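Throughout, read-outs are computed from the coordinates displayed, never taken from laboratory work. Keep in mind the model is a prediction, meaning the values are calculated, not measured. Here Cβ is always computed from backbone atoms with ideal geometry, including for glycine, and neighbour counts include all displayed protein chains.
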Amino acid sequence: MTHDASPHPAPPAGSQPDPRSDAPLRRIAVGFGGDERSRDAVRLGAALARAAGARLDIVLIVTQDDPFTAVYPPVGSISGIVADQGAAWLREAEELVPADVDVTALVRRGASVAEGLIAAAEERGADLLVTGSGVGAGRITSHPAVEALVHSSPIPLALAPAGYTGTDGVTDVFAAVSGTSGRHQVVDAATDWADQLDAELVHVTLRAGESAPHPDAGAETRADTETDAAEQTPRAVVAVGRTLAQAVRRVDWPQGALLLMGSSRLAGRRRLFLGTVAARILSRLPIPMIVMPRHEHETDHTLETDHIAHAPGDAVTAPPAGTAR
């Protein structure tokens, strides 16, 4: 484990073999601030890094002083106190990481926590930024840095639910998809993630506005996707509920699962934006959510709301998901 407070550190040398150059997860950055939400994030980052063979950066952001805002009461310079506290927090964070994961602890300055984390992730060449959402299973705890990240990050953002432990590793990758649209960004990304993480691939559609499961519930299907014979054929799952929250609760989410979602139509190109649909799902989701930025040439059919069906009477093809492998 390595500590590095320099502005442009060299990548650490570690015991893990490097992932192949086209792997979706080669380096993972985790924001840490010493609270329980941060510990959730470190556990998720460590679980992903271990499963992917990726390198892990734990980043502590110290916000820059505003020259127009005086400290009150006047206590003199507190930079030494902040540095000591930050070092203690990073040591605590490193203790949460398994010994076989290459991890570097970083201290960076930023105008805000969110800006500092994005800058650090881009500087390090991270493929994923991880933070604790503070939400899950109906619990909602807003945090300014998380709010900023879910509306501006240029790289995929992983949101660890409250109380995440990571003890089950990564067993399943769920892709939030539509039952009508073709293959798109989230499907492609989930396929690549499942391959690298050696996890089961599942396509999930959540249907709101229907009062009861379709009569076909109880039978599983395989998704109708254009895949080569050598590719993993995903399991298809549809969950139905009168509300979106009810549909989310009807899915049997394995403890080691992840859910990949696209961004809202409000997202700028190559940015992510957590819209109201995804936020409602997040508030009830017991597993981590990964929000993907909008691609440069992405159409509206590939975005967040594509996997939500509101019209009663649409065909339902599969029951809630089964357990992990």
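By count of other Cβ within 10 Å, fewest leading, how are T171, T191 ordered?
Working: T171 18, T191 22.
So the residues, fewest neighbours to most, are T171, T191.
For each of D102, D192, D40, D22, count neighbouring Cβ atoms within 10 Å of the residue's Cβ, then give the residues from fewest to most. Before the final figure, lay out the partial values.
On the way: D102 21, D192 16, D40 26, D22 8.
Ranked by crowding around the Cβ, least crowded first: D22, D192, D102, D40.
Once the other residues with Cβ under 14 Å from the Cβ of T131 are scored (Lys, Arg +1; Asp, Glu -1), what is the net sum?
On the way: positive: R37, R39, R43; negative: D35, E36, D40, D57, E115, E147.
Taking every Cβ under 14 Å from that of T131, the sum is -3.
Around V130, which amide H atoms from residues at least 5 apart in sequence, or from another chain, sit under 5 Å from its own amide H, with H modelled in the peptide plane?
A29, V30, G31, A158
Taking the beta-carbon count within 10 Å as an exposure proxy, list M261, M289 from fewest neighbours to most.
M289, M261
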